[in-house]
Amino acid sequence: TTALKAKLFEKIEAFRPRTQKLNKEFGNVVIDSVNIGQAIGGARDVRCLVTDISYLDPQEGIRFRGKTIPETFAALPRKAGFEQPTVESFFYFLLTGDVPTAEQALEVEADWRSRAEVPAYVFDVLRAMPRDTHPMTMFSTAVLAMQRESVFAHRYAEGMKKTDYWDATYEDAMNLLAKLPHIAAYIYRMKYKGDTHIEPDAKLDFGGNFAHMMGIAKPYDDVSRMYFILHSDHESGNVSAHTTHLVASALSDPYYAFSAGLNGLAGPLHGLANQEVLGWIQNVMKKLGGKIPTEEELKAFLWDTLKGGQVIPGYGHAVLRKTDPRYTAQMEYCQKHLPDDPLFKLVNMIYKVAPGVLTEHGKTKNPWPNVDAQSGVIQWYYGVREWDFYTVEFGVGRALGVLANIVWDRGLGYAIERPKSVTTAMLEQWAAAG
Ligand code: AMX
């Protein structure tokens, strides 16, 4: 067993009595109430999920295991010559809550390497799909196709004990994570690079290998590390995390659950927003004959979008009420590495203008940018211009968070999810009663 797995077991064991005690002795303590608006409006803000992996404060944004984004990046060990921490070190931290030593992070690298070989049939499945299939459909299909590999499903069929569920889920999570960079890069090069493929390099880490298989030179390896870490987790209620959690709660294995989560991420109000941002920006520039708009022209385009009944992609959030720190982290990266890039300048101009327009428009509760407003610009700059692919990269990163979460779900014995629905007539009755 690895240090990571041993540490995880120790942590789960220590947590179990806390969860059990809360459930048994304090199960009736009320932590929220639900109104009609929330029942109709997507359960917004209803407190009914538990996770210790990340917490989203509406003003401050995400904290991973209690650390802000800058604190997380500062705390994690780096390898010589890397500007960013490795994804492996971050996953150790996300899963256990402890910052790993450089050695512990290296052990995760070695572990993933030993699990990295993608079964050949996965590529056959991908190749059988029409080439113009959306890359998110391909990515989700590839994950689902591997379901036959599930350790959880096999052990469950053999009568595994409930206290061992976490172990089998962990094995599936690690097997899946180890393969995702290769699958994602394969889809990219099959679709967009003339069906040429680059084999993984066993010497490289998760982010480095992804960059290598994409065929993109440094510093795209560091870009990838940063991107995957930033997109990993955003507490439990967002569509991709919640879907993965929900499906896994039926004891569907991690392949079923993560594939479902990816399908949610593929929606334009969620992960697809990052490709929509680039599309929107390109549209603005196209309409102006390739020229960067002035602030006035940009304002007019923002209003045109809103009056056309469309959303401004990359702006607004279901929970956040300030600028997303994931946006800020990427902006700081751009300021350091691509300060003069015209698209970056345009994104900054949108940041100057859009919050005012959205506030005047008066609908959104949050006129500030989210993670997706900035991420496409970085990809574009380093040569990934096929923006359909951006959500796949989001999905690779998101896997870290949602898979860590379902390992813990099984560790703490969370129940099958089953909220209650009511009828419209019932709502009307309660409305009349005030
Ligand atoms: N542009 C225009 N209108 C917006 C808007 C935006 N960026 N954000 C919210 N609104 C509108 C909503 O559509 C809604 O209108 P309605 O009353 O006519 O239905 C109203 O403002 C109130 O919405 P809200 O409570 O502020 O937001 P929400 O919780 O319902 O939705 C979100 C949140 C993210 C879906 C929404 O802000 C949005 O559509 N943003 C654009 C898409 C986007 O960037 N998504 C990515 C989010 C981050 C992520 O998951 N990757």
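For region 266-302, the set of residues classified as over 30 Å from Leu56 (Cβ atoms), in contact (Cβ under 8 Å) with a residue 40 or more places away in the chain and not β-branched (Val, Ile, Thr) consists of Met285, Pro293, Glu295, Lys299, listed by residue number.
Scanning for something crowded, with 17+ Cβ neighbours inside 10 Å, modelled with pLDDT of 95 or more and in contact with a Gly (Cβ under 7 Å, 6 or more places away or on another chain), does region 402-420 turn up at least one residue? Yes.
Residues that are more than 25 Å from Glu109 (Cβ to Cβ) and over 19 Å from the mean Cα position of the chain (by Cα) were ranked within region 45-81; the one that is nearest to the ligand (Cβ to nearest atom) is Asp45. Do you know which residues across region 296-318 are within 32 Å of the chain's Cα centre (by Cα) and either on the phi > 0 side of the Ramachandran plot or charged (D, E, K, R) (or both)? Lys299, Asp304, Lys307, Gly309, Gly314, Gly316, listed by residue number. The sole residue among Gly397, Gly376 that is small (Gly, Ala, Ser), surrounded by 15 or more Cβ atoms within 10 Å (Cβ to Cβ), in contact with a Leu (Cβ under 9 Å, 6 or more places away or on another chain) and modelled with pLDDT under 95 is Gly376.
Just checking, does region 212-220 include any residue being in a helix (DSSP H, G or I), away from the ligand (no atom under 16 Å from the Cβ), without any contact (Cβ under 8 Å) to a residue 60 or more places away in the chain and crowded, with 21+ Cβ neighbours inside 10 Å?
Of the residues in region 212-220, the ones in a helix (DSSP H, G or I) are 212-214, 220.
Now narrow it down to the ones that are away from the ligand (no atom under 16 Å from the Cβ): 212-214, 220.
With without any contact (Cβ under 8 Å) to a residue 60 or more places away in the chain added as a condition, the list becomes 212-213.
In the following step, the residues that additionally are crowded, with 21+ Cβ neighbours inside 10 Å were identified as 212-213.
Scanning region 212-220 turns up at least one residue that is in a helix (DSSP H, G or I), away from the ligand (no atom under 16 Å from the Cβ), without any contact (Cβ under 8 Å) to a residue 60 or more places away in the chain and crowded, with 21+ Cβ neighbours inside 10 Å.
When each of Phe82, Phe73, Phe9, Phe15 is tested for being among the aromatic types (Phe, Trp, Tyr), modelled with pLDDT of 95 or more and part of a loop (DSSP other than H, G, I, E, B), the lone residue that passes is Phe82.
Among the candidates Val118, Val125, Val143, which residue alone is over 20 Å from the mean Cα position of the chain (by Cα), assigned to a helix (DSSP H, G or I) and within 26 Å of Lys191 (Cα to Cα)?
Numbers: Val118 fails: assigned to a helix (DSSP H, G or I); Val143 fails: over 20 Å from the mean Cα position of the chain (by Cα).
Checking each option against the conditions leaves just Val125.
The values are calculated or read from the model by the stated rules, or taken from the named source; none is laboratory data. All values derive from a computational prediction rather than experimental measurement. Positions of Cβ are backbone-derived with ideal geometry, glycine not excepted, and every protein chain shown enters the neighbour counts.
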